[in-house]
Amino acid sequence: MDTSEIIIIAAFDQNKGMGLNGDLPWHLPNDFRHFKTQTMGSPMLMGRKTLESFPKALPGRAHYVLSRDENYTPPFQVDGIFNDLEDAIKTLKHYSKLYVIGGGQIYRQALSKATTLQITRVQGIFEADTFFPEIDFKEWKLMKKTIHLKDERHPVSFQIETWVKINSPTEAI
């Protein structure tokens with residue numbers, strides 16, 4: 001059985017900025033909760049820099065790393081290391097869902113293979129050195145949008161959107 005869903009989960013600002021010096025440029029607790037809820041119990045595929053931005057492994061999720069460095073040693077134990085996205089997807093095909101969680105280079109590689117996008121659009125423009133790739137939204141169908149307004153815990157408004165690729169198996173869901 002092939003992985004039925006390859007889900008890109010990402011947050012970016014109005015310029016598609018999503019990271020600065022290995023960290024998020026914002027602190028949005030409800031978006032963190034969304035990320036945790038979505039990825040809990042599922043495998044996550046990420047680049048080396050994304051993995052190294054975590055202080056430790058995120059509980060309840062399998063961690064797989066994509067790195068061009070064939071001798072890469074992660075800062076903590078992970079479930080697997082791959083040098084090629086195709087190889088990672090083929091090896092992890094027994095999972096019903098695979099979350100691609102960053103960074104920018106990994107998103108660029110995985111975008112054509114993704115069946116679902118879970119995007120948090122952060123209102124505003126932040127200083128960033130990592131950017132999300134351009135998306136051709138003609139290939140995607142918006143399934144859900146949840147708006148979160150600025151409040152005492154969230155310095156900016158944001159919205160969480162779920163998109164499915166048109167003509168993908170997940171579109172019928």
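The values are calculated or read from the model by the stated rules, or taken from the named source; none is laboratory data. The structure displayed is predicted, hence computed values, not measured ones. Here the Cβ is made from the backbone with ideal geometry for all residues, glycine too, and neighbour counts use every protein chain on show. Ligands, DNA and RNA are stripped out before the accessible areas are found, and what is left, the full protein with its side chains, is counted by its heavy atoms. Shrake-Rupley method; radii C 1.70, N 1.55, O 1.52, S 1.80 Å.
So what does residue 149 come to for accessible area, using a 1.4 Å probe and Å² rounded to 10? Its accessible surface works out to 120 Å², give or take rounding.
The phi torsions of the stretch 114-119, fed into the Karplus equation with coefficients 6.51, -1.76 and 1.60 and a -60° offset, translate into couplings of 5, 9, 9, 10, 10, 10 Hz, rounded to whole numbers, with Gly and Pro shown as x.
Within the stretch 108-173, the GluC sites (Glu not before Pro) that combine a DSSP coil assignment with at most 11 other C-beta atoms in a 10 angstrom radius are 127, 134, 152. Average accessible surface for the stretch 1-158: 54 Å² per residue, computed with a 1.4 Å probe over protein heavy atoms with every protein chain in place. Taking loop as defined by DSSP and a crowding limit of 10 other beta carbons within 10 Å, which trypsin sites (Lys or Arg not before Pro) in the stretch 1-61 fit? Here the trypsin sites (Lys or Arg not before Pro) that fit, given the DSSP loop and packing criteria, are 56.
Charge dipole of the chain (Cα centre as origin; +1 on each Lys and Arg Cβ, -1 on each Asp and Glu Cβ, all else neutral): 440 debye, rounded to the nearest 20. Of all beta bridges that DSSP places with both ends in the stretch 1-160, some 30 percent have antiparallel geometry.
Per atom type, the chain shows carbon and sulfur on 50% of its accessible surface, probed at 1.4 Å. Rounded to the nearest whole Hz, the Karplus-based 3J(HN,Hα) values (6.51 cos²θ - 1.76 cosθ + 1.60, θ = phi - 60°) of the stretch 31-37 follow the sequence 6, 4, 4, 4, 4, 5, 4, with x at glycine and proline.
Using a probe of 1.4 Å, the accessible surface attributed to residue 130 totals some 50 Å² when neighbouring protein chains are kept in position. Pairs exceeding 21 Å between alpha-carbon atoms, taken from 93/113; 49/138; 36/97; 36/138; 49/150; 16/150: 49/138; 36/138; 49/150. Relative contact order of the chain, taken over Cα pairs closer than 8 Å and 6 or more residues apart, is 33 percent.
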